[in-house]
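**Q** I have a structure here, written as structure tokens, and I will follow up with some questions on it.
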């Protein structure tokens, strides 16, 4: 990573100072970078998409949220964006003190993605993925709930909008098991 934690903190302070001209506090700005999707009494599960992000910004957002482990829920952790290919993302995480884990069995299948692309039917995609995850990925969902109870995790996939990505379903199913809150990093 090209910026140190101190440089990132300095950058955040400059940003807060710059927006104070618009009469917003730093706390208000930080609140706008997170959206609570579900409130629970257990741990917090963060979700993040890398669409329209660079690796440095993604890592900064994860550090700001206090994430300890990034869980990649792509079936195939590849990307046209070099920072988000599995090995590069793992290196970015390790350089910043965040553990990276790839959980490809929690990704949507190629068939599901092709069907969504061809039909544009997001509700049907979500229904089918939820059904698959509940029937055939229960062990992985349970293991992820166990991980979430022990440390701060974030689920990552491509789509920037939480509700348009299968990771929202994974987060919901995990949250059901451990009464977690789900927070989307915007």
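The values are calculated or read from the model by the stated rules, or taken from the named source; none is laboratory data. Predicted model only: the values in this text are computed from it and were never measured. Counting neighbours? That spans all protein chains shown, and the Cβs are built from the backbone with ideal geometry, glycine included.
**Q** For region 126-169, name all the residues that are within 20 Å of residue 76 (Cα to Cα), in contact (Cβ under 8 Å) with a residue 40 or more places away in the chain and out of contact with any strand residue (DSSP E or B) (no Cβ under 9 Å at 6 or more places or on another chain).
**A** Result: 126, 129, 130, 133, 169.
**Q** Is it true that some residue in region 29-41 is assigned by TED's automatic domain parsing to the domain that holds residue 165, modelled with pLDDT of 95 or more and out of contact with any strand residue (DSSP E or B) (no Cβ under 6 Å at 6 or more places or on another chain)?
**A** yes
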